[in-house]
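Peer 1: The structure is given below, and queries will be raised subsequently.
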Amino acid sequence: MSKTTDLIKEHEVKWVDLRFTDSRGKEQHVTLPASEVDADFFTDGKMFDGSSIAGWK
């Protein structure tokens, strides 16, 4: 396990919010259940449907 996953469990985190900017510079975010975050998450990433983000269709 990583320090981050340990902290998620220790603090009983329920949701993880990922923030990023789209290709136009607008801030976006995706919220995932904390159970989706494991050690592989930090090396493999997480796919999501970006079709509702301008310029990502």
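All of the numbers you see were taken from the coordinates with simple rules; none came from a lab. This is a predicted model, so every value here is computed, not measured. When we count neighbours, we look across all protein chains shown, and the Cβ atoms used for this are built from the backbone with ideal geometry, even at glycine.
Peer 1: Under a plain spin-label model, where a point goes 7 Å from the Cα along Cα-to-Cβ, how far apart in nm are residue 54 and residue 28?
Peer 2: 1.2 nm
Peer 1: Now for a different question. Counting only C-alpha contacts under 8 Å and six or more residues apart, can you give the relative contact order of the chain as a whole percent?
Peer 2: Averaging sequence separation for qualifying contacts and normalising by length gives 32 percent for the chain.
Peer 1: Using DSSP to call loops (not H, G, I, E or B), can you name the chymotrypsin sites (Phe, Trp or Tyr not before Pro) in the chain whose Cβ has at most 13 other Cβ atoms within 10 angstrom?
Peer 2: In loop regions of the chain (DSSP not H, G, I, E or B), the sparsely surrounded chymotrypsin sites (Phe, Trp or Tyr not before Pro) are 48, 56.
Peer 1: What list of ³J(HN,Hα) couplings, whole Hz, do you get for region 32-39 from phi and the Karplus terms 6.51, -1.76, 1.60, once you set θ to phi - 60° and write x for glycine and proline?
Peer 2: Per residue, the Karplus-derived 3J(HN,Hα) values read 10, x, 4, 5, 7, 9, 9, 4 Hz.
Peer 1: Using +1 at the C-beta of Lys and Arg and -1 at the C-beta of Asp and Glu, which of 5, 28, 16 has the Cα lying farthest in the positive direction of the dipole of the chain?
Peer 2: It is 28.
Peer 1: Taking the Cα centre of the chain as origin, sum charge times position over the Cβ atoms of Lys and Arg (+1) and Asp and Glu (-1), and report the length of that vector in debye to the nearest 20.
Peer 2: Roughly 320 debye, rounded to the nearest 20.
Peer 1: Quick one, which of [x] 11.8; [y] 12.8; [z] 12.5 is the actual Kirkwood radius over Cα pairs in Å calculated for this model?
Peer 2: The listed entry that was calculated here is [y].
Peer 1: When only DSSP loop residues count, what GluC sites (Glu not before Pro) in the chain have their Cβ near at most 15 other Cβ atoms within 10 Å?
Peer 2: 12
Peer 1: Now for a different question. List the pairs from 3/57; 9/57; 3/46; 9/46 whose alpha-carbon separation is above 24 Å, in the order I gave them.
Peer 2: Checking Cα-Cα distances, 3/57; 9/57 exceed 24 Å.
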